[in-house]
Amino acid sequence: MAFITDEMITSTIRLSLIVLLSGLIGIEREMKNHPAGLRTHILVGVGSCLLMLVSIFGFEDYLTEHPKLVGYDPSRIPSYVISGIGFLGAGTILVHRGITVKGLTTAASIWVVAGLGLVVGIGMFFEAILTTIIIITTLFFLNKLEALYKNKVKGEKFIQLTLVVKQQIGNLTILSDLIAKEKIEIVEIDSEEYDTQNLGLVKYTLLVKIPKKASKQIIVEKLQKLSIVHRVKVKNASN
């Protein structure tokens, strides 16, 4: 078919290959419970491959049409965009006590979308559409695959704990110590002020990973026994 060009075939092969390779590395990181897992690795790998394709194919036609241009580098602005957008992505990553808590996948998706903007701007529409399909598939469907793997293969489940506690130094450490004794791993932490009646309270929302046979009732009872805890709420969640 005349519609399918050599450039399209090359782009499809290279983007598909990086999905496979980065996905394999991401699975290994996922198995060891690192924050940057399957989806993050795929997004960064696909974004890097896409930008390399821009460097190879993106400016070829323009420079061919203007052979007399000297000292003109159309790739300068895209390189600045990619460097600059990294700061925006970094701002979406929430870090607590030196530990990356959440936001890595969002930061990676922002970076890849910046690359999409460059690709569309230069007219590489096929690569932009193909990459968008890969990104959407990665974000929507691999999230469910990750949860299925952790629940079925590793025998883990996720719950969301909402705790209203006294706002004092060391309260989060007390909670973390108790949770660790129950062999529970904190995946995400979010905190917000909860001082509606000037009682000096703070609310923590924790996404935690617990063994499949663990009892939510026992966990709640032990948390309620802590003097700093005013209220506990628990519900099922998926990572």
Any idea what the relative contact order of region 156-237 is, in percent, if you count C-alpha pairs under 8 Å spaced at least 6 apart?
48 percent
Counted charge near G58, where neighbours are those whose Cβ lies closer than 12 Å (Asp, Glu -1; Lys, Arg +1)
-4
R29 to V113: FRET efficiency via 1/(1 + (r/R0)^6), r the Cβ-Cβ distance, R0 25 Å, to the nearest 0.05?
0.65
Extending each Cα 7 Å along its Cβ direction at F140 and K181, get the distance between those two points in nm, one decimal.
4.6 nm
How many nm separate the modelled label positions at I174 and D6, each set 7 Å beyond the Cα in the direction of the Cβ?
7.1 nm
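FYI, it's all coordinate maths here, none of it is from the lab. Model, not experiment: these values are computed from the prediction. Glycine also receives a Cβ, built like all others from the backbone with ideal geometry; neighbour counts cover every protein chain displayed.
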